[in-house]
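To start, the structure itself, in structure tokens.
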Amino acid sequence: MILSPSLLSADFSRLAEELQALEAAGVTWLHLDVMDGAFVPNITFGPPLIKALRPGSGLFFDVHLMVENPARYIQDFRDAGADMLVIHTEADRHPQRTLAAIRDMGCRAGVALNPGTDLGAIRWLVNDLDMLLVMSVNPGFSGQAFIPATFDKVRSARRLLDACGGEDVLIQVDGGVCPENTAQLVEAGADVLVSGSAFFGHKPYDARLAAFMKSLDGREQRPALQKAARRQTFALTHPKQK
């Protein structure tokens, strides 16, 4: 399992230090939620913030675009330093074209589904996917309660991906994730878990990461995860610029 802490719950007055602390704790991914105030009822940040953080961080930048018509912005986010760009099917009229364009510019490509969106929306996108993000809350705000139906949705998603040749496609879950539901999510088929306040609100970060991982003790993870993670993220890190 890969843990991808959500930047929205970090201390914005000292972001550079927060990212350094994550790396020191053994974290390899960072989840960056981009919201435009149109697709979701909140506004966060854009490419300038990512560009400012990129030189000092070796973390894999997992950028979740909760924006209308995301194809307009993918080049800007790629140039800012994103490693993976995740779009919403609900926000893009031509998701296959956008996913292919993301890959063509050298990024990993992902698609996100809101809680009420059927998995059928991705059936014909599998060949263009590196990751499927299953939202376990309605997007827009951190700290929401986890939707229990997510467990079944993740199981169904894993079956669909495997049946369509997407064994190496990672499944990410975002919203209300904590050590108490980590094992059940991984058993259902999740590979990457996003955690905001349930991670950043419990320092030190190395101990909190250990708590997430300890919840998996004795449970088998998906055999293809290690292979898929290597293929999707290369070495998972970037060399820091000095």
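Tabulated data
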{"item": "Test set (1) open to solvent by less than 10 Å² (accessible area, probe 1.4 Å); (2) out of contact with any strand residue (DSSP E or B) (no Cβ under 6 Å at 6 or more places or on another chain); (3) part of a loop (DSSP other than H, G, I, E, B) - Gly116 fails condition number", "result": "(1)"}
{"item": "Some residue of region 160-170 being buried (at least 18 other Cβ atoms within 10 Å of the Cβ), out of contact with any helix residue (DSSP H, G or I) (no Cβ under 6 Å at 6 or more places or on another chain) and in contact (Cβ under 8 Å) with a residue 40 or more places away in the chain", "result": "no"}
{"item": "Pairs where the first residue, in region 99-119, is closer than 14 Å to Val134 by Cα and the second is of a type in the set (A, V, I, L, M, F, W, C) and surrounded by fewer than 18 Cβ atoms within 10 Å (Cβ to Cβ), C-beta under 9 Å, 6+ apart", "result": "Val111/Ala121; Leu113/Leu119; Leu113/Ala121; Pro115/Ile147; Pro115/Ala149; Leu119/Leu160"}
{"item": "Filter result for Pro48 (modelled with pLDDT of 95 or more, open to solvent by less than 50 Å² (accessible area, probe 1.4 Å) and over 18 Å from the mean Cα position of the chain (by Cα))", "result": "no"}
{"item": "Qualifying residue in region 57-70 (condition: closer than 22 Å to Leu129 by Cα and among the charged types (D, E, K, R))", "result": "yes"}
{"item": "Residue in region 54-65 that is surrounded by fewer than 23 Cβ atoms within 10 Å (Cβ to Cβ), within 21 Å of Leu113 (Cβ to Cβ) and of a type outside the set (Ser, Thr, Tyr) present", "result": "no"}
{"item": "Selected residue (criterion: farthest from the chain's Cα centre (by Cα)) from residues of region 181-210 that are surrounded by fewer than 16 Cβ atoms within 10 Å (Cβ to Cβ) and among the hydrophobic types (A, V, I, L, M, F, W, C)", "result": "Ala207"}
{"item": "Where Asn42 falls short, out of the listed (1) at pLDDT 95 or above; (2) open to solvent by 10 Å² or more (accessible area, probe 1.4 Å)", "result": "(1)"}
{"item": "Per-region count, region 96-106, residues surrounded by 20 or more Cβ atoms within 10 Å (Cβ to Cβ) and either within 14 Å of Leu32 (Cβ to Cβ) or not hydrophobic (A, V, I, L, M, F, W, C) (or both)", "result": "1"}
{"item": "For Val177: the one exception among (1) open to solvent by 50 Å² or more (accessible area, probe 1.4 Å); (2) at pLDDT 95 or above; (3) part of a loop (DSSP other than H, G, I, E, B); (4) of a type outside the set (S, T, N, Q)", "result": "(1)"}
{"item": "For Arg123: the one exception among (1) buried (at least 22 other Cβ atoms within 10 Å of the Cβ); (2) over 13 Å from the mean Cα position of the chain (by Cα)", "result": "(1)"}
{"item": "Checklist (1) farther than 16 Å from Leu129 by Cβ; (2) of a type in the set (D, E, K, R); (3) surrounded by 22 or more Cβ atoms within 10 Å (Cβ to Cβ) applied to Arg93, failing item", "result": "(3)"}
{"item": "Residue that is modelled with the highest pLDDT [pool: residues in region 126-154 that are small (Gly, Ala, Ser) and open to solvent by less than 10 Å² (accessible area, probe 1.4 Å)]", "result": "Ser136"}
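The values are calculated or read from the model by the stated rules, or taken from the named source; none is laboratory data. Quick caveat: nothing in here was measured; it's all calculated off a predicted structure. Please note: Cβ atoms are built from the backbone with ideal geometry, for glycine as well, and neighbour counts cover all protein chains shown. Remember, those area values only see protein heavy atoms, side chains included, never the ligands or the DNA or RNA. Shrake-Rupley method; radii C 1.70, N 1.55, O 1.52, S 1.80 Å.
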